[in-house]
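Heads up, the thing below is written out as structure tokens.
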Amino acid sequence: MLEPEDLAPELGSPDLLLIQVTSPEVFTSAHLPGAQLVTPAELVCGIPPATGRLPELAALQSLFSRLGYTPEKKIVVYDDEGGGWAGRFAWTLDVIGHRSWRYLNGGLVAWHQAGLPLESGTGIPAEPTDVSIEIDTTPIAEIPDVLETIEDSSLAVWDVRSAEEYAGTKQAAPRVGHIPGAVNLDWLQLKDPNSQRIVENLDSLIDGLGIRDKAIITHCQTHHRSGLSYMLGRLLGLNIRAYHGSWSEWGNRDDTPIEV
């Protein structure tokens, strides 16, 4: 994880691929010098009901070609919301086998608060590259993987939805509640609401969940919020995967077990 002051001297390096995951409107208003835009829609399949599942390989190849991606690039990713979409991109990098990435702590907000330079406009497009990538399923959890956690105490599910969604008092799918045995820690508790930096007591929060020594599967509604929990798990050295179908898949089926 990088602090803004640590990243600033690296700007302009030809080996650096700087990724901002925001809307085009936010990017046009403000972005780090040299950054390339990735929109959230480019990271998800968009097909109901599980709109957050991984896009097709061809769509990913097109995206990474547009970004000028090569395996040798040193990738730094950030967003404007404290790590959800940045984490989703980091997970996507892991899925294509590029595990050498860094996260700009606090993203656009912390960079601005540090008084570091920002640019406006559409930016300079990268020179497209010929990209040939393969999917590594290691970071991906599917329904059978999640079902296994219910019977195996060495496995854990970390649900980063709100307490209301977890309890079933807030509905975002036909069926409400949570995966049996899942622990809940809202993604909002992982980041400072003012600076959008990762909270200083992250380690104690994770210890409080009792999952540090387990194989973890994290999820939310569409694997957006759980982008942050996945990324932090990786940065902490946890054994973590993400269930990209998340609750929008689980809660729309009638054959998946649920606790309320």
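Tabulated data
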read-out	value
Given (1) over 15 Å from residue 139 (Cα atoms); (2) surrounded by fewer than 21 Cβ atoms within 10 Å (Cβ to Cβ), number of the condition residue 239 does not satisfy	(1)
Filter result for the condition that a residue is over 23 Å from residue 213 (Cα atoms), assigned to a loop (DSSP other than H, G, I, E, B) and not assigned by TED's automatic domain parsing to the domain that holds residue 33, over 81, 72, 127	127
Failed condition for residue 64, given (1) within 21 Å of residue 12 (Cα to Cα); (2) part of a loop (DSSP other than H, G, I, E, B); (3) not polar (S, T, N, Q)	(2)
Subset tally (residues that are farther than 30 Å from residue 251 by Cα and either free of Cβ contacts under 8 Å to residues at least 24 places away in the same chain or touching a helix residue (DSSP H, G or I) at 6+ places or on another chain (Cβ under 6 Å) (or both)) for the range 37-61	1
Any hit, the range 110-117, residues being in contact with a Pro (Cβ under 9 Å, 6 or more places away or on another chain), surrounded by 20 or more Cβ atoms within 10 Å (Cβ to Cβ), part of a loop (DSSP other than H, G, I, E, B) and not charged (D, E, K, R)	no
Where a residue in the range 1-24 is more than 18 Å from residue 117 (Cβ to Cβ) and its partner, wherever it lies, is surrounded by fewer than 15 Cβ atoms within 10 Å (Cβ to Cβ), with Cβ under 6 Å and at least six apart	15/74
Number of the exception - residue 92 against (1) surrounded by 24 or more Cβ atoms within 10 Å (Cβ to Cβ); (2) part of a helix (DSSP H, G or I); (3) touching a strand residue (DSSP E or B) at 6+ places or on another chain (Cβ under 8 Å)	(3)
Of residues in the range 4-36 being touching a helix residue (DSSP H, G or I) at 6+ places or on another chain (Cβ under 8 Å) and part of a loop (DSSP other than H, G, I, E, B), the one surrounded by the fewest Cβ atoms within 10 Å (Cβ to Cβ)	23
Test result for residue 229, on the phi > 0 side of the Ramachandran plot and surrounded by 16 or more Cβ atoms within 10 Å (Cβ to Cβ)	no
Checking residue 21 against (1) modelled with pLDDT of 95 or more; (2) farther than 21 Å from residue 188 by Cβ, the condition it does not meet	(2)
Yes/no for residue 234 being touching a residue at least 12 places away in the same chain (Cβ under 8 Å), crowded, with 22+ Cβ neighbours inside 10 Å and of a type in the set (Lys, Arg)	no
Matching helices (runs of 4 or more DSSP H) fully within the range 144-260 where at least 1 residues are under 30 Å from residue 114 (Cβ atoms) and at pLDDT 95 or above	202-209, 225-235
Options 161, 212, 197: the member that is closer than 21 Å to residue 49 by Cβ and either surrounded by 15 or more Cβ atoms within 10 Å (Cβ to Cβ) or touching a residue at least 24 places away in the same chain (Cβ under 8 Å) (or both)	161
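The values are calculated or read from the model by the stated rules, or taken from the named source; none is laboratory data. Computed from a predicted model, the values in this text were never measured in an experiment. No Cβ is skipped: glycine too gets one built from the backbone with ideal geometry, and neighbour counts run over all protein chains shown.
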